[in-house]
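For reference, the structure discussed in these notes is given below.
Derivation of every value follows stated rules applied to the coordinates shown; laboratory data play no part. Computed from a prediction, not measured in an experiment: that's the story for all the values here. Note that we place each Cβ from the backbone using ideal geometry, even for glycine, and neighbour counts take in every protein chain shown.
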Amino acid sequence: MNKKISSLILILMCTLVLAACSTGTTNLSQGKSPEQIVEESFAKWYGLKSYDMDMVMTMKFSVGEEVLDMSMTGKGAVFQNPIKMKMVMEANIPGMDQKMTLEQYVVQNKQKMAIYQNIENNWQKIIFDDPAMTEKMYMDPKDNLKLFMDHLVSAEILGEEKIGEKDTLKIKLVASGDIFDQIFQETAGNTLGVGNGLINPDVFSQIGDMVYTIWVDKVTLDTLKCQMDLSENMRNLGKALAEDPKLPLEIKDIFSDAEIFMEYTILNQNSAQDFTIPEEAMNAPEVELPTA
């Protein structure tokens, strides 16, 4: 698979993937609709000062008879308002016998956003220092919640499950794919290849509805786990991309049998361990972003 195709896949995954504590004995879910539970749980999540996250992502694509496995696992610490995040991930890379380790830091406020990443012992950084663009990319948690709830099509309680010692409600959510249109109009579209001619933003209107499954603590309404199966969405996206004459014809074949599945677990609400960005990351060479 050539570098252009590999880069496009990573851009699209970052896009989709763009891209995320009270205690007591009262059952806060009692007498509430699934939509109310979801809204209150997400509001609480977005209101956290910090949390840890475990992530598993399955990414498989077919090229002819070859299956490309780009799956990854990772652990992260997230601090909100302003955003400061650390992720350490291990990824399968086609053609490599060993997994690749990726260490990434993100620091963001309304004036500037910086991404530092270490791939195979090579540090690089990306700085977004255009105040107007950065302000658009910076989304207040309350706005993030409103964006999701405005596009929520349905919420259904599937049952109850135990996660560790906690009793949870398993809830299926369906969100309209139109959410991507608004995201790219108001946030980071230009930084992900949308707006510089690489990807036509109209293709995201064909992605279809997004299906999520979340597990909510019945007592506290904490969101404990989320799952997303994006396989059908990626196949829809591949069909749309295949109609763009500027993109390689292999795109449709790559996404026609795509398997994209994500699961992340939220841990240590409001008690994630703080971290500092390594000096070698701060001093790394800056990667220039493509311009329109």
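The modelled label-to-label distance between Lys75 and Glu156, using points 7 Å beyond Cα along the C-beta direction, is 3.7 nm. Under the simplified labelling scheme, the Val63-Ile83 pair shows an inter-label distance of 3.0 nm, with each label point 7 Å from Cα along Cα→Cβ.
Past 24 Å, Cα to Cα: identify those pairs from Lys44/Lys75; Lys75/Lys99; Lys112/Lys225; Lys86/Lys239; Lys32/Lys75, in the order given. Flagged as over cut-off: Lys112/Lys225; Lys86/Lys239; Lys32/Lys75.
Label point 7 Å out from Asp209 along Cα-to-Cβ: which residues of the range 156-172 have amide N under 18 Å? Once the point is set 7 Å along Cα→Cβ of Asp209, 156-159, 171-172 turn out to lie under 18 Å by backbone N, inside the range 156-172. Karplus-based coupling profile of the range 222-235, in residue order and whole Hz: 5, 7, 9, 8, 9, 10, 9, 9, 9, 4, 5, 5, 5, 5, with θ = phi - 60° in 6.51 cos²θ - 1.76 cosθ + 1.60 and x standing for Gly or Pro. What the Cβ-Cβ distance of Glu232 and Leu102 gives, at R0 = 30 Å and to the nearest 0.05, is a FRET efficiency of 0.65. Per residue, what volume in Å³ does the convex hull of the Cα atoms of the range 61-113 enclose? In the range 61-113, the Cα convex hull volume per residue is 101 Å³. Between Met53, Gln108, Asn118, the Cα set farthest toward the positive side of the dipole of the range 38-130 (charges on each charged residue's Cβ, about the Cα centre) is that of Gln108.
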